[in-house]
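A.B. asks: This is the structure I want to talk about, given as structure tokens.
The values are calculated or read from the model by the stated rules, or taken from the named source; none is laboratory data. Note that this is a predicted model, so its numbers are computed, not measured. Positions of Cβ are backbone-derived with ideal geometry, glycine not excepted, and every protein chain shown enters the neighbour counts.
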Ligand code: MRU
């Protein structure tokens, strides 16, 4: 049986349709966006989130910006294109897929610059659709590779949400779980709640339950205990950026999970499409880490849980050094150590 998925980002007739991930699990509500400012806001506010989905939304969002751009000459068109591309690039700093997708759109614009601008706009729409459809294939392939690392009956812990709604389909870290389900395997998933925005509780638990996958929700500070009890045989997470040396930025708390996995001798796997690998960024220390509003911690989901005026540190991501990563699973295969030499080969 193949799993059915809700398409979290799509574009048709000048309308960007986004599943509002801030409303899940209470409501499955789709936003119909026609203005680039609303696409920027949807990315910033995490209405669309997860590295690949952010890239897809940015490519479609750019189409909204250039819809009415002048068609008199490529130069006139390009100045509007560039202004909006730079604007979307300010929405979130860490997931490299955002910049990757905007660069792909830019490359398409430059390659087809001799076309009449109205045709160039069509070519850019096709490119954005390609970014989406390729991600679907990439995620399925990552799932197939990752499936070779797990076995029927295993317990698997994941952090944040790297599932179908964070990508075009299947997800990255969750892809092997869907494929295992299709094979009839019994996998027991532990989903970290993922403080402070609860992507694990709200999104991963919801997604996996919809697919009929056995999922147990735990708060982040319970991961050590479930590992100590011997309930976890592998950790699989997604990521927002892989640096050239194999260091990986993912949702805040991932580094802690990697340390726990190491302490318990549990393999720690990172699922990463090539669109998330950034060879220009040398090490994890060079990855820009987004810091978000203090209110996400002091009054998350509308309830004050800390004193007014308390000092807050709220990084959205942390960096797991490469030495804690057992393997990085890509659509081109599985890398295990020696990332500095192996990662560039994926692009040859
Ligand atoms: O802040 P978010 O919810 O966008 O963070 C998402 C993550 O950290 C995911 O693990 C990552 O983007 C991979 S999604 C396939």
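A.B. asks: If I ask for residues that are out of contact with any helix residue (DSSP H, G or I) (no Cβ under 6 Å at 6 or more places or on another chain) and within 20 Å of residue 276 (Cβ to Cβ), which ones from region 44-54 would you list?
C.D. replies: 44, 46, 49
A.B. asks: Being in a helix (DSSP H, G or I) and out of contact with any strand residue (DSSP E or B) (no Cβ under 9 Å at 6 or more places or on another chain): is that true of residue 71 here?
C.D. replies: When the stated conditions are applied, residue 71 does not pass them.
A.B. asks: In region 182-211, what residues are away from the ligand (no atom under 13 Å from the Cβ), assigned to a helix (DSSP H, G or I), touching a strand residue (DSSP E or B) at 6+ places or on another chain (Cβ under 9 Å) and over 23 Å from residue 303 (Cα atoms)?
C.D. replies: 208, 209
A.B. asks: Considering only region 15-40, state which residues are part of a loop (DSSP other than H, G, I, E, B) and touching a helix residue (DSSP H, G or I) at 6+ places or on another chain (Cβ under 7 Å).
C.D. replies: Within region 15-40, 21, 24, 25, 34, 35 qualify.
A.B. asks: Now for a different question. Just to be sure before I move on: is residue 39 surrounded by 23 or more Cβ atoms within 10 Å (Cβ to Cβ) and either within 16 Å of the ligand (Cβ to nearest atom) or closer than 30 Å to residue 206 by Cα (or both) in the structure I sent?
C.D. replies: So residue 39 passes the test.
A.B. asks: Return the only residue of 144, 134 being without any contact (Cβ under 8 Å) to a residue 60 or more places away in the chain, touching a helix residue (DSSP H, G or I) at 6+ places or on another chain (Cβ under 9 Å) and closer than 25 Å to residue 16 by Cα.
C.D. replies: From the options 144, 134, the qualifying one is 134.
A.B. asks: Additional query: Regarding residue 68, is this residue surrounded by fewer than 18 Cβ atoms within 10 Å (Cβ to Cβ), within 16 Å of the ligand (Cβ to nearest atom) and either more than 30 Å from residue 203 (Cα to Cα) or modelled with pLDDT of 95 or more (or both)?
C.D. replies: no
A.B. asks: Taking region 48-60 as the region of interest, how many residues are in contact with a strand residue (DSSP E or B) (Cβ under 6 Å, 6 or more places away or on another chain), assigned to a helix (DSSP H, G or I) and either at pLDDT below 95 or farther than 21 Å from residue 119 by Cβ (or both)?
C.D. replies: Counting residues in region 48-60 that are in contact with a strand residue (DSSP E or B) (Cβ under 6 Å, 6 or more places away or on another chain), assigned to a helix (DSSP H, G or I) and either at pLDDT below 95 or farther than 21 Å from residue 119 by Cβ (or both) gives 3.
A.B. asks: Go through region 252-266 and report how many residues are in contact with a helix residue (DSSP H, G or I) (Cβ under 7 Å, 6 or more places away or on another chain) and either within 15 Å of the ligand (Cβ to nearest atom) or closer than 20 Å to residue 171 by Cα (or both).
C.D. replies: Number of matching residues: 3.
A.B. asks: Looking at region 138-158, is at least one residue assigned to a loop (DSSP other than H, G, I, E, B), within 15 Å of the ligand (Cβ to nearest atom) and buried (at least 21 other Cβ atoms within 10 Å of the Cβ)?
C.D. replies: Checked against the condition, which is being assigned to a loop (DSSP other than H, G, I, E, B), within 15 Å of the ligand (Cβ to nearest atom) and buried (at least 21 other Cβ atoms within 10 Å of the Cβ), region 138-158 yields no hits at all.
A.B. asks: Considering only region 92-137, how many residues are within 16 Å of the ligand (Cβ to nearest atom) and either at pLDDT below 95 or assigned to a helix (DSSP H, G or I) (or both)?
C.D. replies: 12
A.B. asks: Moving on. For region 113-122, give me each residue that is closer than 13 Å to residue 62 by Cα and exposed (fewer than 14 other Cβ atoms within 10 Å of the Cβ).
C.D. replies: 122
A.B. asks: Being more than 13 Å from the ligand (Cβ to nearest atom) and without any contact (Cβ under 8 Å) to a residue 60 or more places away in the chain is the filter here, so list the residues in region 267-291 that pass it.
C.D. replies: Matches in region 267-291: 268, 280, 282, 283, 284, 285, 286.
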